[in-house]
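Working notes, structure below.
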Amino acid sequence: MGAPILRALKALKEGKQGSEIDCDLSYRKKEKMWIRGDADKLTFVYSVHFDDKIDRNIAPLMLSEF
């Protein structure tokens, strides 16, 4: 899983942007990570899936604290 992240960091260092850096990764069942590159930054977006009803109710509170 680290290879796409390393590739995106190297592309950013070389001044590449947009579709040259963009990547979608499925890293767990029902969860995904997206990497999007701009001229001077990378954005990582994670989807999170909780099977348990209690976890689904607590998760927004926990994640909003980040």
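The values are calculated or read from the model by the stated rules, or taken from the named source; none is laboratory data. What you are looking at is a predicted structure, and each value in this text was computed from that prediction instead of being measured. Ideal geometry is used to build each Cβ from the backbone, glycine not excepted, and the neighbour counts take in all protein chains shown.
Which of the residues belonging to segment 12-22 are more than 12 Å from Ile35 (Cα to Cα) and either outside any loop (DSSP other than H, G, I, E, B) or at pLDDT 85 or above (or both)?
Lys13, Glu14
Take the conditions part of a loop (DSSP other than H, G, I, E, B) and of a type in the set (Gly, Ala, Ser) and apply them to Ala8. Does it pass?
For Ala8, the condition - part of a loop (DSSP other than H, G, I, E, B) and of a type in the set (Gly, Ala, Ser) - is not met.
Taking the conditions exactly as written (loosely packed, with under 11 Cβ neighbours inside 10 Å, out of contact with any His (no Cβ under 6 Å at 6 or more places or on another chain) and of a type in the set (Gly, Ala, Ser)), does Ser47 satisfy them or not?
Against the criterion (loosely packed, with under 11 Cβ neighbours inside 10 Å, out of contact with any His (no Cβ under 6 Å at 6 or more places or on another chain) and of a type in the set (Gly, Ala, Ser)), Ser47 does not qualify.
Return only the number of the condition from (1) closer than 16 Å to Gly2 by Cβ; (2) out of contact with any strand residue (DSSP E or B) (no Cβ under 7 Å at 6 or more places or on another chain) that Ala59 does not satisfy.
With respect to (1) closer than 16 Å to Gly2 by Cβ; (2) out of contact with any strand residue (DSSP E or B) (no Cβ under 7 Å at 6 or more places or on another chain), Ala59 is out only on (1).
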